[in-house]
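The values are calculated or read from the model by the stated rules, or taken from the named source; none is laboratory data. If you're wondering where the values come from, they're calculated on a predicted model, not measured in any experiment. Virtual Cβ from ideal backbone geometry, glycine too; neighbours counted across all protein chains shown.
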Amino acid sequence: MPRLSHGCTIRFARRLLVLAAAAGIGTFQPMPVFADDAPPEREVPSGELSEQETPPATRYITLSGAIDQQTLNWVREAGLKLQNQATEEDRRAVLVLEITPGNSQFHEVFGLADFLTSAALSRVRTIAWVPETVVGNNALVALACKEIVMHPDAQLGDIGRGKPTDEGYQSIVLNMVAKHYNAKVNKALVTAMMDPQTALLQLTVETADGMSDKRLVTEAEAARLRDSGVVIKDSRTLKEPGQPGLFSGTQARNNDFLVMQTVDNRHDLATAYRLPLEALREQSQPGVANRVSLIEVAGTIDPLLESFLERQIDRAVANGSELIIFEITSPGGLLWQSRDLAFAIADLEDEGIRTVAYVPDHALSGAAIIALGCDEIYLTPNGTIGDAGPIEMREGGQFEKVPEKILSWLREIMRKLGERKGRPPALLMAMADKDLQVYEVRNKQTGDVTYMSEEEIHKAGGEWEQGRLVPESAKDLLLTLNGRRAHELQLAERPIEGNDEDERFQALKERLGIPEDVQPNKIGRTWLDDTVFLLNTGVVTGLLFFVAIICLYLEMHFMSGILGIISATCFGLFFWSKFLGGTAGWLEVLLFLLGVACLAMEVFVIPGFGVFGVSGALLLFASLVMASQTFGNGILRPNHDLTDATWTMVTLSTSIIAVIVMAVALSKFLPRIPFLNRMILTPPGMETVQSPSDVRLRPELADTGSLASLVGERGETLTVLRPAGKARVAGRLLDVVSDGPFVPQGRAIEVVLITGNRIVVREA
């Protein structure tokens, strides 16, 4: 007869009658009710603990892959600590084991299963959580727990992986099942899991007290029951001979065997057993270094901060972090960037990385959206979260409500975040919509309590009973909560208490299960981040423009090569900083290069035509403006894009004006400055230069002859005409311009046009 755990008082007599009627045949007994697990008489929402009720001592361990001796020691240590704690404090104790697929040796698995079914854990409720399909020897660990909870689509069983398990192993497992009290598991079920040729039947039989009971039996056991005269009211085949003994959560739940219940995620598991979510935090295996990272989210959320935080997250992931804490203190910012960060953080769950939002002071607007993307949220008692309503800023600084299409788009974002992280979606939507009212509701059958809008209650078809209005969601109010209230509404964990910042952070570490001697790896700014932030300031951006353009101008006069490299470097730094700052992409770079190519065509190939020159200048200007900002934020702030573009154009125009002033000054004073005037390229015979500018700067070279008389004269180029350059015409050294393609040095030319000081020539 199975051993009953202490405190078994309810339906005990009936169980004796059922066992007596079984006469040694495997039966399917109801789950015992323990005195310390009995539902409280007072009304307490499912998943919540009243202030008077002591939360259970809980450990959550994920058994990843193959189970070995180290895993056994880890679970043994955790289980014995819970047993001692339950005994000393006279409180409930729960050990949750998440079972995952893996190839484990039988002796390793059985060692763990034997410990779980031993008297050493008599005061510990062991729960197997099976979120995905588990077959082979790992399934034995689930069968050894007192209760099994599965995802509806997960499957459990097929211990022999399509083949019969060794008879010796079968005997060992069946003896374990016989001494272990799990009302949903019996010998017939386990035999069907170990031997594909065994059929599994579910019989409805009449017991000795005249009542009906369901039992799982093999075909042989069913025959013996019929021969003994037991009245069988109904018989159903759950597994045919030759099929693997593999059962899904939905099948087991519908037929009331194997599983206590089915849930979709860890949050629902905590709700079902009324455990605080923090109790289901991962426990790191001894001997494995805790990889914890801390990322600060401070200031206004904009493209620059978004790009910075994305790099921080990438570094944390690259460092092998298993837990990332986001310490958020921010008034919010741009919606688009906040949304992208929230979903980027939420997606870390797929990589097995746990994310925690810690809000010591406030996380409002876009910062609240980022926090809602984390697996867990911890606030201080006076910390605030919420107020995520989108606004439009009109002229004069007036704020107005956004159009309904924008608001509905944001509500959908909040709904998705709520569903992904197991938080009431209506409350999240109420943070963005001041007209959305949220009510406390209770499930009419299960008694579960959650929070819904009137529309959600109506769609549920009478499943939920509407209660009182959540005061913070009253009309014309954007839901904003402090730490205590956020916990009461199932949005955050219990507030972090402490007298100062260090004490609160230490309390946070304790709640997260981080050992006292382990300090989170703070992912701070690197020299790269500091450089990007510096280069993205308005002053430095304007300085880069100025230096790039002035060096380009000087390079065209001096042909030194160094100035051209400096100009290219400045433009490269500009685009690099905007790339890492999140405002530039490859489109802007391609436009810039296309603009440079058009200007090169204008200068070197078809000078004087104008189309390529104008197009190149416009492309360059457009690429610089586009790289300095992100477009699309105008969806919430209609004038935001235009304002940003205006400031960018002002910065660029200021730099160009400064270049023009500098060019005029250089043209006037550089030839007169000793030593610096030697930097100007002087072709052979420059001492007889007769260009109008040189005549003005060097009066001693003035020639009384008229330039107009040179039309039709021939000469020779002394430099390459690109299209401007130097040429000797009629014994005079002149500044000339080609009327077509560039003219190589040493070619014969003819003067075709003189307009003012401009001498146009063509190759003779």
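Would a scan of segment 321-336 turn up a residue that is assigned to a helix (DSSP H, G or I), surrounded by fewer than 19 Cβ atoms within 10 Å (Cβ to Cβ), among the hydrophobic types (A, V, I, L, M, F, W, C) and in contact with a helix residue (DSSP H, G or I) (Cβ under 8 Å, 6 or more places away or on another chain)? The answer is yes; a qualifying residue exists.
Among the residues of segment 410-439, the one identified as part of a loop (DSSP other than H, G, I, E, B), in contact (Cβ under 8 Å) with a residue 60 or more places away in the chain and among the basic types (K, R) is R423.
For segment 377-397, a residue qualifies if it is at pLDDT 90 or above, part of a strand (DSSP E or B) and surrounded by fewer than 21 Cβ atoms within 10 Å (Cβ to Cβ), and exactly one does: T384. Screening T133, T117 for residues that are at pLDDT below 90 and either assigned by TED's automatic domain parsing to the domain that holds R266 or in contact with a Gly (Cβ under 9 Å, 6 or more places away or on another chain) (or both) leaves exactly one candidate, T117. The requirement of being at pLDDT 90 or above and more than 20 Å from L156 (Cβ to Cβ) is not satisfied by N73. Restricting attention to segment 417-439, the residues that are among the acidic types (D, E) and crowded, with 18+ Cβ neighbours inside 10 Å add up to 1. Evaluated against (1) modelled with pLDDT of 75 or more; (2) surrounded by 13 or more Cβ atoms within 10 Å (Cβ to Cβ), L554 falls short on exactly one condition, (1). Among the residues of segment 202-213, is any in contact with a Ser or Thr (Cβ under 6 Å, 6 or more places away or on another chain), assigned by TED's automatic domain parsing to the domain that holds D153 and either within 25 Å of H151 (Cβ to Cβ) or loosely packed, with under 13 Cβ neighbours inside 10 Å (or both)? No, the conditions are met nowhere in segment 202-213. Against the list (1) at pLDDT below 90; (2) outside the structural domain of L372 (by TED's automatic domain parsing); (3) of a type in the set (A, V, I, L, M), the condition L410 fails is (2).
Of the residues making up segment 226-245, those that are assigned to a loop (DSSP other than H, G, I, E, B), in contact with a strand residue (DSSP E or B) (Cβ under 6 Å, 6 or more places away or on another chain) and surrounded by 13 or more Cβ atoms within 10 Å (Cβ to Cβ) are V230, G245. Would you kindly identify the strands (runs of 3 or more DSSP E) lying entirely within segment 440-500 that contain at least 2 residues that are in contact with a Lys or Arg (Cβ under 9 Å, 6 or more places away or on another chain)? Here the list reads 449-453, 464-469.
Taking the listed residues L275, L189, the one that is within 30 Å of E493 (Cβ to Cβ) and either of a type in the set (A, V, I, L, M, F, W, C) or in the same structural domain as P495 (by TED's automatic domain parsing) (or both) is L275, with no other qualifying. Just checking, does segment 447-463 include any residue being closer than 27 Å to I328 by Cβ, surrounded by fewer than 19 Cβ atoms within 10 Å (Cβ to Cβ) and free of Cβ contacts under 8 Å to residues at least 12 places away in the same chain? No, because not a single residue in segment 447-463 is closer than 27 Å to I328 by Cβ, surrounded by fewer than 19 Cβ atoms within 10 Å (Cβ to Cβ) and free of Cβ contacts under 8 Å to residues at least 12 places away in the same chain.
Evaluating H267 against the criteria (1) crowded, with 16+ Cβ neighbours inside 10 Å; (2) assigned by TED's automatic domain parsing to the domain that holds Q170; (3) over 30 Å from A208 (Cα atoms); (4) modelled with pLDDT of 85 or more leaves one unmet condition, (4). Scanning segment 576-603 for residues that are at pLDDT 75 or above, buried (at least 21 other Cβ atoms within 10 Å of the Cβ) and among the hydrophobic types (A, V, I, L, M, F, W, C) yields one hit, F592. All conditions but one from (1) touching a strand residue (DSSP E or B) at 6+ places or on another chain (Cβ under 6 Å); (2) under 23 Å from E240 (Cβ atoms) apply to M194; the one that does not is (1).
Number of residues in segment 179-211 that are more than 17 Å from A139 (Cα to Cα) and assigned to a helix (DSSP H, G or I): the value is 1. Candidates A223, A279: the one that is under 20 Å from C145 (Cβ atoms), modelled with pLDDT under 90 and not in a loop (DSSP other than H, G, I, E, B) is A279.
For segment 360-369, indicate whether the set of residues that are on the phi > 0 side of the Ramachandran plot, surrounded by fewer than 23 Cβ atoms within 10 Å (Cβ to Cβ) and not in a helix (DSSP H, G or I) is non-empty. No, every residue in segment 360-369 fails to be on the phi > 0 side of the Ramachandran plot, surrounded by fewer than 23 Cβ atoms within 10 Å (Cβ to Cβ) and not in a helix (DSSP H, G or I).
Note on segment 157-168: residues that are buried (at least 18 other Cβ atoms within 10 Å of the Cβ) and over 42 Å from the mean Cα position of the chain (by Cα) amount to 1. Of the candidates V205, V185, V231, the single residue that is touching a Leu at 6+ places or on another chain (Cβ under 6 Å) and of a type in the set (A, V, I, L, M, F, W, C) is V185.
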